[in-house]
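The values are calculated or read from the model by the stated rules, or taken from the named source; none is laboratory data. Note that the coordinates shown come from a computational prediction; the quantities given were computed from them, not determined experimentally. Using ideal geometry, Cβ is built from the backbone for each residue, glycine included, and neighbour counts are taken over all protein chains shown. Please note that ligands, DNA and RNA were not included when accessible areas were found on the heavy atoms of the full protein model with its side chains. Shrake-Rupley method; radii C 1.70, N 1.55, O 1.52, S 1.80 Å.
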Amino acid sequence: RESISNLLPDYEVINNKYGLVPQLQRWRGSLGLPTLSKTELCETFAKFSQANSEALLRSGVDCSPPAGSDDNSDYVLIALIVLGSLFGGAVLFGALYWLYRTVKTNRRLRAEEAALVDSQVEEAKQTVREIQAPMVLMKAVDFQSLGKPVPHETARNQGKLHFLDTMGDEMMEFMKQFTVVFFSHQWLAWEEPDPTCVQYQVMVKAVDDIVTHEGISIDHVYVWYDWFSIPQACSKVQRLTINSLPNFASVCAFFVVVAPDAKHFNTGRDANLETYHSRCWCRAEVMSHWAKKGSDKMFYATAEGLQLMAPGGVNQQFMNSLKVFQGHLTCCDRKHPDGSPCDREALMSPMLGLYSQIRKFCNDPRVKGIYDAIEPFTDEIFPSSFTYVHPSGTCQRNLFGDLIAATNAKTGKGKAKMAARFRPGTTQANHTGAIHSQTGVHTMGAAKGGSSSASEFSFAAEAGATSEGQEQDEEEPSRVLV
């Protein structure tokens, strides 16, 4: 201890003379140790005491932090934390707001979609209760005296046409007093339906056969025939009348298909029973009458006389005729110029209306056979979509969507509200420029228009009749199913 005490003064003298740090570095060197950096000196010695810091400072090593450095670091750290929190909060708020807007938008779209589905189902029901243009008929005796078919305007100017303006009491009373024959056929030329009168002669004979078979006076027989029952000059009225074709076919007592073997005047192609059944509009007329009246008075008119369309009940050929939307259309041959709607779209609502009535009375014995016949083929008869043909190719378009399922939900027992989400059907049917595929006449009228008011022609035998297990509807059916 005494030796160390004697050395301390000399140690202080040498350190003061050469400096503490240089001496330390020399001693470390003599021991084979590396020299210390400024950072190592400060971390090794200065942080333990203020005296060491002062000693190092006297040797030229300043271990004090830069002015304000600690405060700035704290501020920066705090600022980063605050900014990060704000940014994170903003991102979270944005995500929550986006989620809120997405949910709200989806709910609005679903509500709009549900409202559209509901309106399409209700509108379809109205199409079978109302007509958009008068039903135009001609007395059978006048029809037979024509000598050849004449257009609407000629027959009108000659005073040979009878007009029924509504499907209400006026039409019901008329149908009770008179026998109305609906002639369904395909056109044999572009400009007129029957240039050689081959169909006309068969229709004249068909009227005589009906009069004889029913034992009635020809004065009590009227005829519906498209050439004079549909306006030819005014395209808008023509369009409205064409849209009411299913209604006209459904109320007539007799439905007669006129399809003798013939040639199309312009194309030279065969026209016969097979080509008749291939036409979409012809199928729509068959479906419309059968769905309301059954097949008892549905006939093929031939040179030999009338033949029942389904003598042994509904067969495969007849069922194929009910697949309306698989039929051929002239508008598709023309590839829908200017993006005009397909006639399938114009037919969607009337066909849905027919189905809604069949579904509503499906438990009634008079309707059950019809419902049972179409139920296995619902997807084919009422397809959810179809192939639209345009000048550049084809594409899939919505047709019935989920409207059949929606109709089933609305017409089910107790009228349960639709809980499921249903896709709407086509909304293209009301555009202008549709083409009537049976006549090939281009029409520019809209599919919707002022409609005549209504009483429902339907299936039950008398007002107030309901099927077992089915609640009474607010609008009771009023016409007997034949």
For Glu130, solvent-accessible area (1.4 Å; no DNA, RNA or ligand), Å²: 40
Quick check: residue separation of Val198 and Glu170 times 0.36 nm, minus the Cα distance between them. What number comes out in nm? 6.6 nm
Keeping the other protein chains in place, figure out the carbon and sulfur percent of the accessible area of the stretch 188-231, with a 1.4 Å probe. 53
How far apart, in nanometres, would the label points at Gln316 and Leu57 be if each is projected 7 angstrom from Cα along the Cα-to-Cβ direction? 11.2
Expressed as a whole percent, how much of the Cα-Cα distance distribution for the stretch 215-256 exceeds 17 Å? 40
Can you tell me the length gained on complete extension of the stretch Phe265 to Leu116, counting 0.36 nm per residue apart and subtracting the Cα distance? 49.2 nm
Give me Rg/Rg_expected for the stretch 1-150, where Rg uses Cα atoms only and Rg_expected = 2.2 N^0.38 Å with N residues. 3.32
The stretch 107-222: Rg/Rh from Cα coordinates, Kirkwood Rh? 1.14
Taking only the alpha carbons of the stretch 222-320, the radius of gyration and the largest Cα-Cα distance, Dmax, both in angstrom, are 14.3, 43
Quick one: length gained pulling Ser217 to Asn106 fully straight, 0.36 nm per residue minus the C-alpha distance? 33.6 nm
At a probe radius of 1.4 Å, what is the per-residue accessible area of Leu99, in Å² to the nearest 10? 90
Can you tell me the accessible area per residue over the stretch 1-42, all protein chains present, probe 1.4 angstrom, in square angstrom? 79
For Phe377, solvent-accessible area (1.4 Å; no DNA, RNA or ligand), Å²: 60
For the stretch 252-377, what class follows from the C-alpha gyration tensor (a ≥ b ≥ c being the square roots of its eigenvalues): rounded when a/c is under 1.5, otherwise prolate if a/b is larger than b/c, else oblate? oblate
Given 350-360, 302-312, 392-402, 4-14, the highest-first ranking by average Cβ count within 10 Å works out to 350-360, 392-402, 302-312, 4-14
Accessible-area ranking of Thr105, Thr330, largest first, probe 1.4 Å: Thr105, Thr330
Residues with beta-carbon under 12 Å from that of Gly313, excluding Gly313: net charge, scoring Lys, Arg +1 and Asp, Glu -1? -2
Computed E for Asp338/Ile78 - FRET, C-beta separation, R0 51 angstrom, nearest 0.05: 0.15
Which FRET efficiency value, to the nearest 0.05, is calculated for Thr35 and Leu8 with the Förster distance at 25 angstrom and r the Cβ-Cβ distance? 0.50
Hydrodynamic calc, the stretch 256-296: Kirkwood Rh from Cα pairs, then Stokes-Einstein at 37 °C with viscosity 0.692 mPa s, so D in µm² s⁻¹ is 291
